[in-house]
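**Student:** Take a look at the following structure, please.
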2 protein chains.
Amino acid sequence: MSTHIAPRGLPTLRQVAETAGVSLKTASRALNDEAHVAPETSERVKQAAAALGYRPNLLARDLRSHSTSNVVGMVIADASNPFYLAIALAAGQVLAAQGLLLFTGVSDEDPDAEARVISGFLERRVAGLLIVSSRTNHPQLQQGHAERGMPTVFLDRPARGLEVDEVLFDNVGGSRAAIDHLLAQGHRRIGVIGDLGSLPTHRERIAGVRRALAEARVPVDEDLFVTDAHDASGAESAMRELLALPSPPTAVFTTNNRMAAGGLRAVADTANPPALIGFDGLELADILGISVVSNSPADMGTRGAEMLLERIHGRAGRRRRVRLPTELVVRRSTATPLE
Amino acid sequence: MSTHIAPRGLPTLRQVAETAGVSLKTASRALNDEAHVAPETSERVKQAAAALGYRPNLLARDLRSHSTSNVVGMVIADASNPFYLAIALAAGQVLAAQGLLLFTGVSDEDPDAEARVISGFLERRVAGLLIVSSRTNHPQLQQGHAERGMPTVFLDRPARGLEVDEVLFDNVGGSRAAIDHLLAQGHRRIGVIGDLGSLPTHRERIAGVRRALAEARVPVDEDLFVTDAHDASGAESAMRELLALPSPPTAVFTTNNRMAAGGLRAVADTANPPALIGFDGLELADILGISVVSNSPADMGTRGAEMLLERIHGRAGRRRRVRLPTELVVRRSTATPLE
DNA sequence: TTGAAAGCGTTACCAT
DNA sequence: ATGGTAACGCTTTCAA
């Protein structure tokens, strides 16, 4: 723990009570607007509280009352991606409407950090958990929380081996739509630039690609599939490698917004850039004319928060697994059929 | 005595102690790795804890021990802007290295929501506060926290009337650099598209513009200054209005990244777009060739967290007000001098 | 090395 | 309508 700190000397309920000349319990009742307090007593207590700058100690309250706190904890894996912010923002709005506060911790794709953040929430007895996980297993949650009834919803990435609700995108369907579109434009050599191969999201998107190609009986050239390009500059290199192949792809599918940004950078100064399509929204994609499989992080946040609220309010029953739809948005980057 | 059931059936330290066949205090000592516990006793306690899925209740611990919690609360005003995420991410990394957790709450530019989030943190007795405020006054913080020693650092926006540390950008200097650059390129009719006029950041940036123009003895045409375009689509309309003027500007300065995105959208299909320069980084600005006054939200987060840590560790003394530098990055959008 | 008791600030229960 | 007392789960203090 951290070093010693000067005492903060915040007033307690007892001091408020003394100042107002009432008992501890009466002060408590007055400040909580409970019944059976004379209006003038209540007024006197509230003035005393204001004068002293009193603030309830929620640690003590939650400890005693066993009421779950009004905080929902959210863990996001990657804060450098506005995509996850959009989820958190939407979720926060839904929760705020119910008087719940959303506090967000960042794991930065580090499983240990994620465990620490979740522990922090759990040990402070939050009312529920929203998790964009960077893990494939969840011993903490298995051990006693999610499975003993801590309301929990996984977002964007599945909860492996855990009986909890989840909200994911239709990654397979979205990828298939992207590839089908490229095939329809006449492309047969289709490159793919993907994020970390360990990410379930990535895997599903790749699965969609393979399925689309298989159904169209287009042979798969593994050299055209680059994976583990975990940031924009990795994607940029990946794109350069693809274009330097003896027989380069005529179209490239980037599996998320960051891969798209990197890929784009690599072709920005190219004479004959390949057709380009991405997954996820991309800022300014409209101006740049980039086709995408678009999804709605806001919907994900909203839906996840709603499901969490139901659990917090006592909903029982089996896990629910929601798949949110995606939408193919065609722009300049794939508008021209291959000759 | 019947053993009580903890909320959600979580085991308590007492149950761990009973399972291990030791006293409450011994269990506490063992789990906290304090001295004076026989190794084998310690081992037995830890196994019991693991078997039961024990988690310490930090509410109880912090309540009793008066140790400040290991949580720092951060409030951000606008989560739809990746800029603030970048600040939070950097701050979180600095704090994590010291064993502190950063929890972030979003106010969405709503002063009441900000107050609620701050109350939530305060009432949970966080170790410190990082605040990107949407308020101009801070009665809560004045009343007893910031001024009684709750470590607090304001980021990006000043702490009006509050004696706390702050880290801001050199907004005036950055704007002046942008305008000086446009003037050097021969522009005399310079438009400005700004965010909410109530935002101090915005005001400072406008002040920088006026100062640069005044020093160059270029008369100010108020019709060219559009303000309160608080989102990208507002900025887009603003840009269209500017271009529709009888005597439109030859260059436009957008005072933040969102204004830039909107302005850009408006000129995307224009034959003779005005010169364009923005403030703040903008995703893909390099590809789009947009000049910017660039700043580093990561530096802001890092610096702010460092200053907060010093306060948490007991640093006394007057408030410190840091101004972080900006850098002019010239790209295609302002590369051509006006004929 | 270990344990019993007190207490943190609050709310719950049972009186008055 | 108001108040005393116990209790929440933990750490601190002091004793064994």
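**Student:** Being under 42 Å from the mean Cα position of the chain (by Cα), modelled with pLDDT under 90 and part of a loop (DSSP other than H, G, I, E, B) is the filter; apply it to the range B:1-31 and report the residue that is nearest to DNA strand D (Cβ to nearest atom).
**Tutor:** The extreme case among them is B:ALA6.
**Student:** Go through the range A:14-55 and report how many residues are near DNA strand C (Cβ under 9 Å from one of its atoms), within 13 Å of chain B (Cβ to nearest Cβ) and either small (Gly, Ala, Ser) or touching an Asp or Glu at 6+ places or on another chain (Cβ under 6 Å) (or both).
**Tutor:** Here the count works out to 1.
**Student:** Give just the number: which of (1) within 41 Å of the chain's Cα centre (by Cα); (2) near DNA strand D (Cβ under 8 Å from one of its atoms) does A:ALA35 not satisfy?
**Tutor:** Result: A:ALA35 fails condition (1) only.
**Student:** Any residue in the range A:235-253 that is more than 13 Å from every other protein chain (Cβ to nearest Cβ), hydrophobic (A, V, I, L, M, F, W, C), within 24 Å of B:SER80 (Cα to Cα) and touching an Asp or Glu at 6+ places or on another chain (Cβ under 7 Å)?
**Tutor:** So far as the range A:235-253 goes, no, none of its residues is more than 13 Å from every other protein chain (Cβ to nearest Cβ), hydrophobic (A, V, I, L, M, F, W, C), within 24 Å of B:SER80 (Cα to Cα) and touching an Asp or Glu at 6+ places or on another chain (Cβ under 7 Å).
**Student:** Looking for something under 32 Å from the mean Cα position of the chain (by Cα), surrounded by fewer than 21 Cβ atoms within 10 Å (Cβ to Cβ) and outside any helix (DSSP H, G or I) - is there at least one such residue anywhere in the range B:199-221?
**Tutor:** Within the range B:199-221, none of the residues are under 32 Å from the mean Cα position of the chain (by Cα), surrounded by fewer than 21 Cβ atoms within 10 Å (Cβ to Cβ) and outside any helix (DSSP H, G or I).
**Student:** Counting only residues that are within 19 Å of A:PRO158 (Cα to Cα) and assigned to a helix (DSSP H, G or I), how many does the range A:57-86 have?
**Tutor:** Within the range A:57-86, residues that are within 19 Å of A:PRO158 (Cα to Cα) and assigned to a helix (DSSP H, G or I) number 4.
**Student:** Please find, among A:GLY99, A:GLY92, the residue that is assigned by the TED database to the domain that holds A:GLY314 and assigned to a helix (DSSP H, G or I).
**Tutor:** Among A:GLY99, A:GLY92, only A:GLY92 is assigned by the TED database to the domain that holds A:GLY314 and assigned to a helix (DSSP H, G or I).
**Student:** Which members of the range B:81-102 meet the condition of being small (Gly, Ala, Ser) and in contact with an Asp or Glu (Cβ under 8 Å, 6 or more places away or on another chain)?
**Tutor:** Hits for the range B:81-102 are B:ALA90, B:GLY92.
**Student:** Look at A:LEU95 and say whether it is surrounded by 22 or more Cβ atoms within 10 Å (Cβ to Cβ), within 10 Å of chain B (Cβ to nearest Cβ), in contact (Cβ under 8 Å) with a residue 24 or more places away in the chain and over 27 Å from B:LEU282 (Cα atoms).
**Tutor:** When the stated conditions are applied, A:LEU95 does not pass them.
**Student:** Would the range A:79-86 turn up any residue that is closer than 23 Å to A:GLY99 by Cβ and facing chain B (nearest Cβ under 8 Å)?
**Tutor:** Yes, the conditions are met somewhere in the range A:79-86.
**Student:** Kindly provide the set of residues from the range A:109-127 that are over 25 Å from A:GLY314 (Cβ atoms), under 16 Å from the mean Cα position of the chain (by Cα) and more than 7 Å from chain B (Cβ to nearest Cβ), ordered by number.
**Tutor:** Hits for the range A:109-127 are A:GLU109, A:ASP110, A:PRO111, A:GLU114, A:ALA115.
**Student:** State the number of residues belonging to the range B:58-73 that are more than 9 Å from chain A (Cβ to nearest Cβ) and either at pLDDT 90 or above or within 23 Å of A:ILE118 (Cβ to Cβ) (or both).
**Tutor:** Adding up the residues that qualify gives 1.
**Student:** Within the range B:67-83, how many residues turn out to be among the small types (Gly, Ala, Ser), touching a Lys or Arg at 6+ places or on another chain (Cβ under 9 Å) and more than 23 Å from B:ASN57 (Cα to Cα)?
**Tutor:** 2
The values are calculated or read from the model by the stated rules, or taken from the named source; none is laboratory data. Computed from a predicted model, the values in this text were never measured in an experiment. Because the Cβ atoms are built from the backbone with ideal geometry, glycine has one as well, and the counts that use them run over all protein chains shown.
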